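First comes the structure, then the notes that go with it.
Bear in mind these aren't lab numbers, they're just calculated from the coordinates by the rules spelled out. On a predicted model such as this, the values are computed, not experimentally measured, just so you know. So basically every Cβ, Gly included, is an ideal-geometry build from the backbone, and we count neighbours across all protein chains shown.
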Amino acid sequence: MKKILYAILIAGFFAILGSTMSKSPTLPLYAQSLGLSRGEIGIVAAASTITGIFMNFASGLLSDIYGRKKLLKISGFVFFSAPLLYFFANNAIALALVRAYYGIATAIFVPVSLALISDLYSEKKGTFMGILSSATLVGRAIAPLLAGSLIYFAGFWIVFILCSLFGFTTFAITFTLPEAEGKLERFEFSFSSTLFLLGLLDAAVYMAYQSIETFLPLFYFLEDKAWLSGLILTIEISIMAIVKPYAGYLSDKIGRIKPIIVGMSMVSLAMLIFALSNSLSLIIGGAVLFSLGASVSEASTKPLATEISKLRGTALGFLESIKDIGQALGPILVGFLGFRFGFAFVSVLGIVALFVFIIRFRVY
């Protein structure tokens with residue numbers, strides 16, 4: 001069983017390493033080299049997230065019907081083939097289509113791999129889901145530096161080739177995974193207000209995460225210190241990578257409810273700190289607090305979803321779809337409302353969702 005876990009972790013690492021390299025900082029730079037405007041670049045960047053909103057749920061449901069391995073093979077093939085399509089994309093529409101196609105890979109891999117872990121390790125699902133999340137976060141943290149360096153020294157082509165090779169590694173590993181065949185004979189899913197609430201909590205977390213990632217470099221005391229904003233974001237991701245397995249282990253031991261309450265309280269407080277920040281020390285404190293809170297909360301929401309619904313893949317896919325909506329809306333809201341009101345809005349959303357969660361699970 002350990003070999004299977006290691007295989008899933010390695011596949012997750014290379015999958016997210018390659019997919020992140022293809023977009024950060026590669027995508028905007030490549031799009032700019034093709035002559036795309038900033039508006040077109042924004043649309044292209046959003047294409048994969050939009051795909052995820054629709055595909056997460058569908059892939060989770062299909063994995064419940066046809067089995068996890070079949071869906072993970074499809075995901076691996078997309079990870080392998082999508083980077084090569086960059087060579088044929090020479091305008092905004094073509095590049096957006098490539099990004100939309102690439103988005104299918106992550107939208108399948110994340111919920112289905114988590115569902116597979118839930119199938120195989122039901123007693124330690126929180127711990128092992130946290131470890132998988134950490135493996136992908138390590139890939140996400142390494143990717144921008146590696147891609148940026150390769151672009152500087154060799155150009156875009158080497159990044160696309162390397163992303164494809166990483167995707168091929170993921171694709172090859174999926175053939176070694178157990179079948180974990182689906183048990184459903186037909187489509188069946190009834191709306192669950194409890195699952196929607198968990199999705200709303202994750203959406204608030206990723207609305208905050210994407211807002212921080214997008215606007216942190218634009219705080220006035222960081223505008224001329226790009227290296228420092230990059231360092232803060234790296235620290236943020238590193239904290240999440242370290243804490244998530246321990247947070248998952250904690251939720252396996254004491255239950256899911258308390259960690260979610262503590263984690264979401266920390267996330268909401270962190271967003272208030274960002275809204276009121278007028279110094280570098282507050283920004284750093286808010287980033288650290290957010291990283292801790294997000295890790296603790298997310299390490300419990302996903303295992304709880306698999307315990308609420310017998311359709312584990314569907315439940316996790318549903319959560320990922322709601323999360324992607326929040327991730328897409330975060331920068332838009334903060335951009336239009338401004339830093340103070342935007343981050344405050346995200347904080348209030350988290351508090352309201354947490355309040356409803358507490359009421360709901362007192363009688364659950």
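Taking the dipole about the Cα centre of the chain, with the C-beta of Lys and Arg at +1 and of Asp and Glu at -1, give me whichever of Leu97, Ser192, Ile325 is farthest to the positive side.
The residue sitting most towards the positive pole is Ser192.
Work out which helices of the chain, taken as complete DSSP H runs, extend at least 24 Å along their axis over the Cα atoms and score a mean Kyte-Doolittle of 1.6 or more, then list them.
92-120, 156-174, 257-276, 339-362
Can you compute the equivalent ellipsoid semi-axes for the chain, i.e. the square root of 5 times each eigenvalue of the Cα gyration tensor, sorted largest first and rounded to whole Å? Display every interim value, and only then the final one.
Values: eigenvalues 164, 151, 65 Å².
Output for the chain: semi-axes of 29, 27, 18 Å.
If you take every residue apart from Ala203 with its C-beta less than 14 Å away from the C-beta of Ala203, what net charge results, scoring Lys and Arg +1 and Asp and Glu -1?
-2
Let me check I've understood the local charge: for Tyr30, count other residues with C-beta under 15 angstrom from its C-beta, Lys and Arg +1, Asp and Glu -1. What total comes out?
+2
So if a site counts as exposed when it's one of the trypsin sites (Lys or Arg not before Pro), its DSSP state isn't H, G, I, E or B, and it has at most 16 other Cβ atoms within 10 Å, what's the longest stretch of the chain without one?
1-182
Report, in debye and to the nearest 20, how large the dipole of the chain comes out about its Cα centre when Lys and Arg carry +1 and Asp and Glu carry -1 on their Cβ. Spell out each step's value before the answer.
Working: 26 positive and 18 negative charges, 119 e Å.
Here the size comes out at about 580 debye.
If R₀ is 30 angstrom, what is the calculated FRET efficiency for the pair Ile358 and Lys253, using the beta carbon separation as r and rounding to 0.05?
The calculated FRET efficiency here is 0.90.
Residue farthest toward the positive end of the dipole of the stretch 217-364, with Cβ of Lys/Arg at +1 and Asp/Glu at -1: which of Ser295, Gly285, Val262?
The listed residue farthest towards the positive side: Val262.
Sum up the charges of everything whose Cβ sits under 15 Å from the Cβ of Ala96, counting Lys and Arg as +1 and Asp and Glu as -1, but leave Ala96 out.
Within the 15 Å Cβ shell, the charges total +2.
Would you mind working out the magnitude of the charge dipole of the stretch 238-364 relative to its Cα centre, with +1 at each Lys and Arg C-beta and -1 at each Asp and Glu C-beta, to the nearest 20 Debye?
Value, rounded to 20: 320 debye.
Would you mind checking the pairs Lys69/Lys323; Lys258/Lys302; Lys3/Lys253 and listing those with alpha carbons more than 18 angstrom apart? It would help to have the intermediate numbers written out before the result.
Working: Lys69/Lys323 24 Å; Lys258/Lys302 14 Å; Lys3/Lys253 24 Å.
Going by Cα-Cα distance, Lys69/Lys323; Lys3/Lys253 fall outside the 18 Å limit.
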